[in-house]
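Before any comments, here is the structure.
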Amino acid sequence: MKGWISQLAPALGRRRRDALYRERTTLASPQGAQVCLDGIDYLNFSSNDYLGLANDPSVVAAFQSAADLYGVGAGASHLVVGHHRAHAMLEDELADFLGRDRALLFSSGYMANLGVLTALLSKGDFLYQDKLNHASLIDGGIASEAKLIRYRHNDLSHLELLLKKHSKLHSKLHSKLHSKLQSSSEDKTLAKTLVAVDGVFSMDGDIASLDKLVRLGENYDAALMVDDAHGFGVLGDRGAGCCDYFGLDQNQVPILMGTLGKALGVAGAFVAGSHTLIETLIQFSRTYIYTTALPPACAAAALQALSLVQQQPERRQHLNELIVQFQQGLAAIGFEPTNSMTAIQPLIIGSSEQTLAFSQYLNTQGLYVAAIRPPTVAVGTSRLRITLSSAHTSSQINCLLSALDTGRKVVGLT
């Protein structure tokens, strides 16, 4: 092999040497609490299928029926001839469920976050983000060319300090732009300030303090965007996510992103908000405009899953009971608490080598638990990312706890 492509191999070798190499497994069964990976059956504790809807018979049937009606692909972008009736129905139901004016479908959460930030922000604007935000929010911020300022994880005192520090700069920029507005007939807007945050942090499972973030936003004229990928469907009295959990409305959190591939068990994502926000995204979000629409069968399946979220609160209740059982079980076998009361339960091991060894030991016991290592998490914080689902049983949680108790001795953890 010639040229610079041949120089990629050493980096792969270093990643393998440092126990950071990622390898795919091939699923040969439906998603669920029990799966077949690479020909081996496992109890699955690594899926984001929090409500067990990915293989629910009624969701599968909705997908099949819609495929018969609409075919398997949208065939075009939403703005050409790819916006099907199933898409429109799902957008309407999402908006109604979330108490928003409208919702807009995207092909994935990554594309939604990238599309929102690049459509709404540009050079001269200010974007504040939690240090542990998902990569899609970080990448969207960088692509927007706004000034990206990151605050310590869930440290709102640090965020307020940064907001105060930059408020004078904000004021100067606003004054400068205001002068330009008065002296120019061009269409200009004043600098914007946005705080973007995960509702539930994907690697730690803790919940952002949205109520306090709202107050900070009001004090410093900063709009709030919440990525509710891991909260939508499971948090709050109705399962409507983090805003439901904190009792916040559209005016307090004007930009809400959620995914359809986690608690709803399907695929895709949405942004919900005001008429003006959604129309702005339709006109200016490149990741919405320049891509083929989500298959309409996915929209129909998600619509059925959304119906089950509302009709079957017992799924959330059972999941919450399993979370409590797991937390109490961890304490009983001597593990530190995870500080998470969501379906994401991280066990911080530290070293990448020990984390990988622990994951591999669990595999030998018939349990699949992903080893999460840098660069996904910070160096020295490698972990077992355990995710629970309402599809799990109490006895399966006990099986996991027993294997964790034995496994830590096998891999040399004290």
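Taken together, the values in this text are just the output of simple stated rules run on the coordinates, not laboratory data. For clarity, every value in this text was computed on a predicted model and none was experimentally measured. Here the Cβ positions follow ideal geometry from the backbone for every residue, glycine too, while neighbour counts run over all protein chains shown.
Observations, loosely collected:
- Projecting the Cα atoms of SER46, ILE5, GLY265 onto the charge dipole of the chain, computed from C-beta unit charges around the Cα centre, puts ILE5 farthest toward the positive end.
- Projected label distance in nm at SER209 and ALA76, using a 7 Å step from Cα toward the beta-carbon: 5.0
- Ranking of MET203, MET89 by neighbouring Cβ atoms within 10 Å, starting from the fewest: MET89, MET203.
- Rg [Å, one decimal], Dmax [Å, integer] - the range 24-63, C-alpha atoms: 10.7, 30
- Cβ crowding within 10 Å ranks LEU156, LEU8, LEU319 as LEU8, LEU156, LEU319, fewest other Cβ atoms first.
- Overall size of the range 57-311 from C-alpha positions, given as principal axis extents largest first: 58, 42, 27 Å.
- Environment charge of ALA229, counting only residues whose C-beta is closer than 9 Å and scoring Lys/Arg +1, Asp/Glu -1: -2
- Taken about its Cα centre, the range 49-176 carries a charge dipole of about 1120 debye when Lys and Arg each add +1 at the Cβ and Asp and Glu each add -1 at the Cβ.
- Highest-fluctuation residue, ASN219, ASN363, ASN55 considered, GNM on the chain with Cα pairs under 10 Å: ASN219
- Cβ-based charge dipole, the range 57-311, positive-most Cα from HIS83, LEU216, GLN310: LEU216
- Computed over the chain with a Gaussian network model linking Cα atoms closer than 10 Å, the most mobile of GLY205, GLY71, GLY273 is GLY71.
- Counting only Cα atoms, the size of the range 1-130 along its three principal axes is 52, 51, 34 Å, in decreasing order.
- With N the number of residues in the range 113-153, Rg(Cα) / (2.2 N^0.38 Å) evaluates to 1.02.
- Positive-end extreme of charge dipole, the chain - chosen from SER157, PHE246, PRO30 (charges on Cβ): SER157
- ARG24, ARG315, ARG102, ARG14 arranged by Cβ crowding within 10 Å, fewest neighbours leading: ARG24, ARG14, ARG102, ARG315
- Site-free segments of the chain were taken between GluC sites (Glu not before Pro) in DSSP loops having at most 10 other Cβ atoms within 10 Å, sites themselves excluded; the longest one is 187-414.
- Fluctuation leader among THR292, THR25, THR355 - the chain, Gaussian network, Cα springs under 10 angstrom: THR25
- Within the range 57-311, DSSP assigns beta bridges of which about 35% are antiparallel (rounded to the nearest 5).
- The chain, dipole about Cα centre (Lys/Arg Cβ +1, Asp/Glu Cβ -1), debye to the nearest 20: 1680
- The range 335-414: relative contact order as a whole-number percent, Cα under 8 Å and 6+ apart: 34
- One Cα centroid belongs to the range 271-290, the other to the range 298-313; the line between them spans 24 Å.
- Alpha carbon centroid spacing (whole Å) that separates the range 245-266 from the range 1-34: 33
- Available extension along the chain between LEU69 and LYS131 is 17.8 nm, counting 0.36 nm per residue and deducting the alpha carbon span.
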